[in-house]
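The values are calculated or read from the model by the stated rules, or taken from the named source; none is laboratory data. In this text the structure is predicted, and so the values were computed from the model without any measurement. Cβ sites come from the backbone with ideal geometry, for glycine too, and all protein chains shown count toward neighbours.
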Amino acid sequence: MTETSGEPLRFLCADFVPTQDERAFVVIVRIREEFLRWMSKSPPGLQWLQVEGLLGDRDVWAVAAEDAGDLPLDVVMTDPAREFAQLYRLVDVRATREVRVTIYGKPGVLKAARLAASLGLPIRILPGQPSAEAAAQLLQVAEFYLRDPMVQAPIEPFHSMLATMGGVATLWTMLEEDPLVFAHHDAVDRAILPRTTQPARPEFIRTHLAGLIAENAECVDCPWQQACGGYFKWPDRNYSCAGVKPLFACMHAAMVEIGQELDAFQNTPS
Ligand code: SF4
């Protein structure tokens, strides 16, 4: 899901959307009444609804499948082990509008990603700071994305990692958590840093990574520093990256393999 103007895309709680503002924004809805209210109107600037905690509500998805509008939905799964079986509720909805599934990097992420992919849904995985079990599942999701012909729609961040490895984009941007590009607001409408209640501050990512390097943290000689930008050291700076570095290695190996196949193809005499 993308928005193309130069201003940050704002993520606003349902009660804090200005009435006279045509700048781009996303509305976060957490209860049925908010969902129904925002489905019934699409003011200028509204890019999509971020739907949290409602996958278990059958009535919500019945309305979404019957609604004539085309407002895209980003359906967030914070507990994939518990919620994954409810993904079937999105089958009829995706026939009417763009639907993406955002899955937290917790145990159950592999099952949820496999099922969402089998339903043809684009996926964004928010790894955060995964446990060892979740990190192992994330690696399996990456391999699933790379190798399984059933995968038709993008699975982020692996899709963007493959496309931009060696470029300037970091996980922060790929996962829509870079505050310069995506301005997330809390329940009292303050811009906050990703996955915290801390107020947003300019140049957060640059200063975060610079601070880690100044502290001689694990990032200093990490081969994946450019693509990561210190993502996995937030908010806990002491998080060990032993379980997540294989994700980068896996994607890098795939990129090398693809490059070699392209070279071989181009050098094949016609
Ligand atoms: S993977 Fe870990 S050590 Fe490497 S740059 Fe990212 S946060 Fe730092």
So if I check each of ALA116, ALA135, ALA163, which one is assigned to a helix (DSSP H, G or I), within 18 Å of the chain's Cα centre (by Cα), within 26 Å of VAL99 (Cα to Cα) and free of Cβ contacts under 8 Å to residues at least 24 places away in the same chain? ALA163
Kindly list the number of the only condition in (1) closer than 22 Å to MET161 by Cα; (2) modelled with pLDDT of 95 or more that fails for VAL256. (2)
So which residues in the stretch 138-160 are polar (S, T, N, Q) and outside any helix (DSSP H, G or I), if there are any at all? GLN152
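What residue, among those in the stretch 4-32 that are part of a helix (DSSP H, G or I) and in contact with a helix residue (DSSP H, G or I) (Cβ under 9 Å, 6 or more places away or on another chain), is surrounded by the most Cβ atoms within 10 Å (Cβ to Cβ)? Explain how you work it out, then say what you get.
Filtering the stretch 4-32 for residues part of a helix (DSSP H, G or I) gives 14-16, 32.
Subsequent filtering for residues that are in contact with a helix residue (DSSP H, G or I) (Cβ under 9 Å, 6 or more places away or on another chain) retains 14-15, 32.
Numbers: ALA14: 17, ASP15: 10, ARG32: 13.
This residue is ALA14.
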Condition check: at negative phi, away from the ligand (no atom under 11 Å from the Cβ), buried (at least 19 other Cβ atoms within 10 Å of the Cβ) and not in a loop (DSSP other than H, G, I, E, B). Does ALA264 satisfy that? no
Before we move on, is GLY45 modelled with pLDDT under 95, touching a strand residue (DSSP E or B) at 6+ places or on another chain (Cβ under 6 Å) and closer than 19 Å to HIS184 by Cβ? yes
For a quick check of your reading of the model, give me the residue pairs whose first member lies in the stretch 223-249 and is free of Cβ contacts under 8 Å to residues at least 24 places away in the same chain and near the ligand (Cβ under 8 Å from one of its atoms), whose second is among the charged types (D, E, K, R) and not in a loop (DSSP other than H, G, I, E, B), with beta-carbon atoms closer than 7 Å and at least 6 apart or on different chains. CYS241/GLU218
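Looking only at the stretch 94-112, count every residue that is out of contact with any Phe, Trp or Tyr (no Cβ under 7 Å at 6 or more places or on another chain) and part of a helix (DSSP H, G or I) and tell me the total.
4
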